Structures are given as structure tokens and as C-alpha cells.
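Notes to accompany the following structure.
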2 protein chains.
Amino acid sequence: MDWRVELIGIPGLPEIAAHDRLGTLIGGAIGAAGEQLDAGDIVVISQKVVSKAEGRVRDLALVEPGRRAREVASGLGKDPRLVELILGESRAVVRAERGVLIVETRGGWICANAGIDASNVPGDLSVTLLPEDPDASARRIRVELDAATGVAPAVVIADSFGRPWRLGQTDVAIGCAGLTPLDDRRGRRDRAGRELAVTEIALADQVAAAADLTRTKESGLPACLVRGLERFVSADHGPGARVLRRPEPDDLFR
Amino acid sequence: MDWRVELIGIPGLPEIAAHDRLGTLIGGAIGAAGEQLDAGDIVVISQKVVSKAEGRVRDLALVEPGRRAREVASGLGKDPRLVELILGESRAVVRAERGVLIVETRGGWICANAGIDASNVPGDLSVTLLPEDPDASARRIRVELDAATGVAPAVVIADSFGRPWRLGQTDVAIGCAGLTPLDDRRGRRDRAGRELAVTEIALADQVAAAADLTRTKESGLPACLVRGLERFVSADHGPGARVLRRPEPDDLFR
């Protein structure tokens, strides 16, 4: 048996604007890149273009920070307008210290700045919020891909999150459709016939991280085709990335 | 430009024992699999076989738990002999509650059980400790690969760690040689010419996570060849995975 996985960055996507049918555009770009989409493929898409297609872009110049946002911002040295947006996207603040604002988003993800990307360039005040329901975004893009190409690959929506204890960001799945998010390896045995201690693998997160390997400093390709994991791809949309959220009672780090 | 990365699980490694020259064995398995090793390749190896080759296997039946281990074990419902080994491998306990023991290892990694793998099968009492210095292990295996094949690919030693906030484990790099561990994307600009907010990507961790995609319930292949990332592979061994450890003063979750 040959265990081989291929990661293919998809070039040629246009700049994405609100109301674009992202699945249709990505299906076209995959074809234009000379690739034939297969139902066992996984299409990994950067959060940023999904947010743009869904109109989740805000202009900081139009944000009026409230009192709480001004207080939090002042303690952290952040832009109070950005903090206003972050708090509006959050249901709890996990940490607010040393210039870092880590929250639980309304969707249940724990990350810095509620996943809001701000440009570093002075004068540019547009920011993108996370999609409101990234699993629903993934399902919709999957249906669009099916309509455009006749094939419904799995879809993952990926974003770069930092982690406690380790430097650097890694891409994780914030939404998915048609992919098994957690690979249950309980019952797998090693050569000696012993059950392996590892129980569950965050498959969708590993797929997101792998797809980011096709990006470079020069090319921020927002879509990647992942081939060779058809055993994790299903015809039904499946439970989505939401099952990757660790329930609060099990979490020692909130 | 074509952004394509290939992940190839390497079959055919024998059961590994203490004093095996892992690099030589893996070089042979790569050749036997019909692959020609290239200096731009990355070889990702599971911690478990590295530990076995380094004799980092212990028999719980021979461990005499001390008083502290017995206390901690009793609070957590763990085997006191396993806790004795965990504490011996640790320089600090980060959390010990709800059956979970998260420590900072002597090498500076924060993970459950100091990375010690225990079998789940009653009666089997052998466990593997992490390599003492996984960056040194990666360098040594790289030199062995070079001696065996005439080519020195980058080497990553990977282990499965859990994370706060998210369910499931992902593979991360605990050692590496010849690979840029952190990809500095500062200065990268998007289509609009704006600098991207993401600054550093934990490249070695993403490579480890990608390599795990070639493993399945049925085949726990301990080595994977990663092709297409030669831009991150260097002739010198580089700083190692130790630069991925977040310094304690920057860490909000200890």
C-alpha cells in the first residue's frame, strides 16, 4: 500500500469581494490550473477570502469604541476601535495582558483578537472578521463547487492561530464540510500488538496546517488542493469543525 | 510557479531496538521504497522509534515510586510508577488536575505526561521517554542518512501533543536539523500591497502535522518523506526545534 498525500497550491484566484461565489471561482481556478477535481479531494481555503466573500470586512474609521473597549485597549496599548470589534465578536475574554487579547469568539473558538486581521500599514483601516458560521460557509462553498464542477470535494476553512507554550502560528480548521474532523485511532495497534496510547487526532487541523505549506512569503495562495485522504472524505457534510472545540469543563487553560 | 508538496509514508522499517542506527535503516527503507533521497527533502520521524533507538524505554515493573509521585498519582488516579517517571523527566508541573498531568519537560516542552507513552494493554509495562535532546537526535540521524545515502535531507522528530482549547492531538516538532523551524513572513504583502498581520509560522510543526497525514489506523508508519519544501532546508543544521519553545515571560498559560 502506498501512503502518499499531495498538496497543490491553486493560483489564479481574483481579488475576492462581497457576494462572490467563492466555490465557483475556486472550481474555475482548479480547472485553469490543469487539475481535475475528484470527490476524494479536500479543498482548503484561507479564512480571509471567505470573510471577504461574506462581506465580513469592517472599516475601523467607522467604529465608535464604547467605554469597555476604551478601557481594555488602554491597558493593552491597542487601537480602541479594533478592541470594540474584538469584544463585539466575543463571548468571553480569556486573557487581556501584556498587549495580548485572547477571547472566546461567539462561535466558540479561543484565539487572539477574535481572529480579526488588521493590516499593519498606517492609514489602512480595513479589517476582516471571522465568518459568522464557518461550518456553514464550508457547506455552502462545497455546494457551489459541486454546481460548478459536478464534484463535491471536502472543504476546510483555515486560519492561522497562535498557541500557548510554542512560538509561531499554525493553521487550524475553523470550518469544514465532508471531512472527518477527528480521526479516532483508538484500537490501532503497534507492531507488538499493543493498543496505541494516542486516541484522537485533530485531522482537520493537520490538513489545514499541511495546506499552509504551499504558501510562501511571495505567494499567499488562498486555496490548496489536498489529495490522497479520500478515506476521510464523506458524501454527507458531517459534523463540521465545531466538534474540535474542547468543552469548557475539560479545559484546564481558560 | 507550481506550489506542490508531496508527503510519502515510508514502509518497511524493522522493529527498532536500542543502538540501532536509525538514519541508516531509514535511508535503506527509502531506497527499498523506490524513492531517491534529495538534499531538499525532509525526513519526518516519529519520536517513538527515536526513543527506542536511544534506549529510552523503561519497564514500570522496575520503577519504585517516591512519596511525591504517590501523592500526585493518587490525586489523579494514575499509576504511581508512571508518575515517578513523568516527574523525573520534568522541571515543573504546569497542571495536575482532573486526571491530567501537564508538565514542562527537562528539555523545555510543555505537554501531558512529559511525553511518556504508556501502552493501554494490561500487563504490558514498557513505556518510552522522550529523547534526551531531540535536536541532537535529529542531527545524528541526519549524519547517518548522509553516510548511508550520500545525501543529507532535513530531519524532523515529531510527537503527538494535545492542545488547550481544541480537541484531538496534532503532531509537532520536538527536534529538527537542517530545517528553518520558524518561517518569518513579516514583510510579506497581500495583493493590495499591505503587510500581512501574521508574523511567524511554526513551519517545523506544520511539517510534522502534514507528515502524520500519511499514517492511518492500520499503518503506523514511523517515517515520512516531505518533498517540495527545499526553500526551508539548509546545509547547516540550523537552530533546531528548541527555538519553538515560547519563553516563559511571554507565556500567559503556565
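The table below gives the values:
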| read-out | value |
| --- | --- |
| Single unsatisfied condition, A:Ala17 versus (1) in a strand (DSSP E or B); (2) more than 28 Å from A:Pro164 (Cβ to Cβ) | (1) |
| Some residue of the range A:44-54 being under 24 Å from A:Ser137 (Cβ atoms), at pLDDT 95 or above and among the acidic types (Asp, Glu) | yes |
| Residue ID - nearest to B:Gly238 (Cα to Cα), chosen from residues in the range B:121-137 that are part of a loop (DSSP other than H, G, I, E, B) and at pLDDT below 95 | B:Leu125 |
| Those residues of the range A:40-70 which are part of a strand (DSSP E or B) and of a type in the set (Gly, Ala, Ser), in sequence order | A:Ser46 |
| Count of residues meeting criterion [among the basic types (Lys, Arg) and at pLDDT below 95] in the range B:210-228 | 2 |
| Single unsatisfied condition, A:Arg95 versus (1) without any contact (Cβ under 8 Å) to a residue 12 or more places away in the chain; (2) crowded, with 19+ Cβ neighbours inside 10 Å | (2) |
| Residues (in contact (Cβ under 8 Å) with a residue 40 or more places away in the chain, buried (at least 24 other Cβ atoms within 10 Å of the Cβ) and more than 12 Å from the chain's Cα centre (by Cα)) located in the range B:126-176 | B:Ile141, B:Leu145, B:Pro153, B:Ala154 |
| Single residue of the range B:210-254 satisfying the filter (of a type in the set (A, V, I, L, M), at the interface with another protein chain (Cβ under 7 Å from one of its Cβ atoms) and not in a helix (DSSP H, G or I)) that is farthest from B:Asp183 (Cα to Cα) | B:Leu221 |
| Residue among B:Arg95, B:Arg140, B:Arg70 that alone is in the same structural domain as B:Gly23 (by TED's automatic domain parsing) and either out of contact with any Ser or Thr (no Cβ under 6 Å at 6 or more places or on another chain) or modelled with pLDDT under 95 (or both) | B:Arg140 |
| Set B:Gly175, B:Gly168: member being of a type in the set (Gly, Ala, Ser), closer than 20 Å to B:Thr214 by Cβ and facing chain A (nearest Cβ under 9 Å) | B:Gly168 |
| Output for the range A:180-209, where each listed residue is at pLDDT 70 or above, closer than 17 Å to B:Asp159 by Cβ and at the interface with chain B (Cβ under 7 Å from one of its Cβ atoms) | A:Arg185, A:Glu200, A:Ile201, A:Ala202, A:Asp205, A:Gln206, A:Ala209 |
| Which numbered condition A:Gly108 misses (of (1) small (Gly, Ala, Ser); (2) without any contact (Cβ under 8 Å) to a residue 40 or more places away in the chain; (3) not assigned by TED's automatic domain parsing to the domain that holds A:Leu225) | (2) |
| Pairs with Cβ under 6 Å, 6+ apart, first in the range B:17-29 and hydroxyl-bearing (Ser, Thr, Tyr), second surrounded by 16 or more Cβ atoms within 10 Å (Cβ to Cβ) | B:Thr24/B:Glu144; B:Thr24/B:Ala148 |
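The values are calculated or read from the model by the stated rules, or taken from the named source; none is laboratory data. What you are looking at is a predicted structure, and each value in this text was computed from that prediction instead of being measured. Here Cβ is always computed from backbone atoms with ideal geometry, including for glycine, and neighbour counts include all displayed protein chains.
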